[in-house]
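The values are calculated or read from the model by the stated rules, or taken from the named source; none is laboratory data. Quick caveat, the model's predicted, so the values are computed rather than measured. Backbone-built Cβ (ideal geometry, glycine too); neighbour counts: all protein chains shown. Side chains included, ligands, DNA and RNA excluded: accessible areas come from the protein's heavy atoms. Shrake-Rupley method; radii C 1.70, N 1.55, O 1.52, S 1.80 Å.
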Amino acid sequence: MPIHTTDRGWVLETRTTGYAFGLNQAGLLTHRYWGARLPDPADYPAAPNPAGWASFNNPAQLTAEEYPGYDDIKFIDPCLKVSFADGVRDVVLRFESAELRELDIPELLINLRDTMYPFRVTLHYRVHEAYDLIERWVTATNHGETPITLERIWSAQWHLPLGGEYRMTHLHGRWLDEMHLRSEPLAPGRKVIESRRLTSSHHHNPWFAADRGNADENAGDVWFGVLAWSGNWQICAEVTDFASTRISIGLNDWDFAWRLAPGEAFATPPSYAGYTAGGFGGASRRLHDFIRDTLLPHGHTLHKVLYNSWEATLFDVDEPSQIALVELAAEMGVELFVMDDGWFHGRDNDTAGLGDWWPDERKFPNGLAPLIERVNALGMEFGLWIEPEMVNPNSDLYRAHPDWVIHFPGRPRTTGRNQLILNFARADVQDHIIDRIDRLLAQQNIAFIKWDMNRNVSEPGWPSAPGDPREIWVRYVQGLYRVWGTLYERHPHVIWQSCSGGGGRADLGILHLADQIWVSDNTEPTARLAIQEGFSQIFPANTMEAWVTDMGAAEIPLEFRFHVSMCGSLGVGGHLVRWGAARREEAARWIALYKEIRHVVQFGDLYRLRSPQAQPFSAVQYVSKDHSEAVLFAFRTHLPPPAQLPPLYLRGLDPNDHYEVEGVAGARSGSAWMHAGLHVELLDFQSTVRRIKRV
Ligand code: DGJ
């Protein structure tokens, strides 16, 4: 059992890590330890008992509480802020009871209760032993007879070991330019990253990694965590006056309120966090395995090579244009043909049609059946693009239900890409969309859905809200999960892809439903290298849909473009009709190669050998779980002459076994490849893929 209980404390152990907290002498639930697993549960330090020593430094301010509420003389960032019906606005939580559930994934519940009000907060801990991850979330229950307003309720506060000076690494970006890695020292005060956009956003990702400034890809202490949530979120790293560092993570409290009626409970989304001595690479691999094995609906299904019509035909889709692409895609070895935007009623451009989810009668006079039948006859599966949360004012749906969109009464409704957002917090809206998309999936042979979401929120109003209208931020995402979850349950074979104008909804919340993420609308391959590296900090390669398109085609060889996309789940999005026979034949060869290596790429361990964000010569390697084979990709963008490329030191091989690397004569020990390295010769904008096999 990985959870040990003593009178006043608990120790949670995973394969290589330990996490401990307990009650101190003042009865406060206090953090004790997070780091390498210790030999004996008795080795973990006791809960500290800080003493106040001056009028402005109260013990409450100094105590590393496991889940601090706003109370006492305490100005560190609390996890919980509430208002009671009588106007009292603090919350004094004390330990009430603990419960251990010996399930497949063991769970510990710690019940805290306010000293004066019938209000209980339960801290939930689940131990994902094999993945070195601890999961935390919180439920708050109103046992009284008057409502309580939750104003902030975070999922967890993660405490880093005392005495360290830390650096925080996170991801930032924007549309077309997502997932840039950024690291900076944490200084006294608060460092906040967040989304207020209704989705997890292109701009920051609900992920952090903290180290002492000396970890690299392969070694060093790294503490990392995520929030599994697809809406507004916040991460707040705080270095307190006394140099203790904690990182809080949860729902964003900006414009947030939740009215907890008598008898009701509220559950936060989960946060998963871990510690590793294996550097940033070690942290990523833990998340990758966890996501693949436990979160994804089809985490161990090999993804098919897909073709997507968007960059080729934009809104100009119709039966003949798509069938022309279908024929060529099939010849090249594509296995899944996805028709993107433009297929539904009234959709000639981005000003009309969203909401009217049936085939456009002019473009598809006989419905989608003839196209799908042709796709299937050529041995491929068929996939379709939808954007269910959106509506164009110019649509039958909006004309019938103008009140269904998110808006403030009386204010102009700001459109983004000419569209408004359906209020998925409303059950009637959810039911309508479930019905529409369900019909589509029931009537057609559809194996894949790309679920898009192409704007951020404005005027976040919900005029008919039954509770506090600010609940919209959370209820919208719960509604989204309900709609998508219902469709998934009714059509469990469908592979869903999460897209929000590229990577605007890339998070562990959506990966309960979607197997893939459309990483970025930027498909230019050199930009993509950097975006993919950022993405790989969190997400495994099988979730990373990557197309070869015509972006960058004039300057960058097709081979390079394929190699970049082969680092994830390969897709093609170029205009195949314009490609010509020679290019299509070359593409067919890369697709065939990808089919030979994709099990290693999609399911293997990922090692980032050289960063494309930091340098123009980069490399990434995938190693099968049994270490019998590996695949290496190396890329050179632009280096001023004379450029001498450094060796690539492979990773993850068994040191004493022998391996052959494609293109290099003679087998060598894993140790030799890892320590003496391998030279590849590349000119500007050249790349290579090498298969590596144990002999
Ligand atoms: C944004 C997506 O990211 C693109 O791939 C494409 O599907 C368009 N939307 C279609 O409108």
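Some notes on this structure:
- Here each label is just a point 7 Å from Cα along the line to Cβ, and for residue 444 and residue 592 those points are 3.2 nm apart.
- Shape category assigned to the stretch 194-253 from the gyration tensor of Cα positions, a/c cut at 1.5: oblate
- Backbone N under 20 Å from the residue 165 label point (7 Å along Cα→Cβ), restricted to the stretch 225-264: 237-247
- By accessible area with a 1.4 Å probe, ligands and nucleic acids excluded, highest first: order of 693, 450, 595: 693, 595, 450
- Pair residue 85, residue 676: separation of 7 Å Cα→Cβ label points (nm): 7.8 nm
- A full extension of the chain between residue 143 and residue 366 corresponds to an added length of 74.5 nm, given 0.36 nm per residue minus the alpha carbon distance.
- For the chain: rounded, prolate or oblate by the Cα gyration tensor [a/c cutoff 1.5]: oblate
- Against the rule of thumb 2.2 N^0.38 Å, how large the Cα Rg of the stretch 1-60 comes out: 1.27
- Extension gain (nm, one decimal) between residue 111 and residue 662, 0.36 nm per residue minus Cα-Cα: 192.6 nm
- Principal axis dimensions, largest first and in whole angstrom, of the stretch 132-220 by Cα: 54, 39, 29
- With the simple spin-label model, which puts each label point 7 Å out from Cα in the Cβ direction, the residue 49 to residue 8 separation comes to 0.6 nm.
- Look at the dipole of the chain built from charges on Cβ: of 375, 305, 254, the Cα furthest out on the positive end belongs to 254.
- Global form of the stretch 543-640, assessed from the alpha-carbon gyration tensor, a/c cut-off 1.5: oblate
- The stretch between residue 192 and residue 351, if pulled fully straight at 0.36 nm per residue, gains 53.6 nm over its current Cα-Cα span.
- At an R0 of 35 angstrom, the distance between the Cβ atoms of residue 36 and residue 182 translates into a FRET efficiency of 0.85.
- Taking a span of 15 Å or more along the helix axis (Cα atoms) and a mean Kyte-Doolittle hydropathy of at least 0.0 as the rule, the DSSP H helices of the chain that qualify are 319-332.
- Remark: accessible surface ordering of 590, 343 (largest first) is 590, 343, probe radius 1.4 Å.
- The accessible-area ordering, largest first, of the residues 81, 625, 74 stands as 625, 81, 74, per a 1.4 angstrom probe.
- For a paramagnetic label modelled on residue 327 (point 7 Å from Cα along Cα→Cβ), amide N atoms under 15 Å away belong, within the stretch 570-607, to 576-581.
- By a 1.4 Å probe calculation restricted to protein chains, residue 524 has an accessible surface near 40 Å², given to the nearest 10.
- Computed with a 1.4 Å probe on the full set of protein chains, the accessible area for residue 285 sits at about 40 Å².
- Proximal lysines relative to residue 625, as straight alpha-carbon distance under 30 Å, when same-chain residues fewer than 8 apart are discounted: 304, 450, 595, 693
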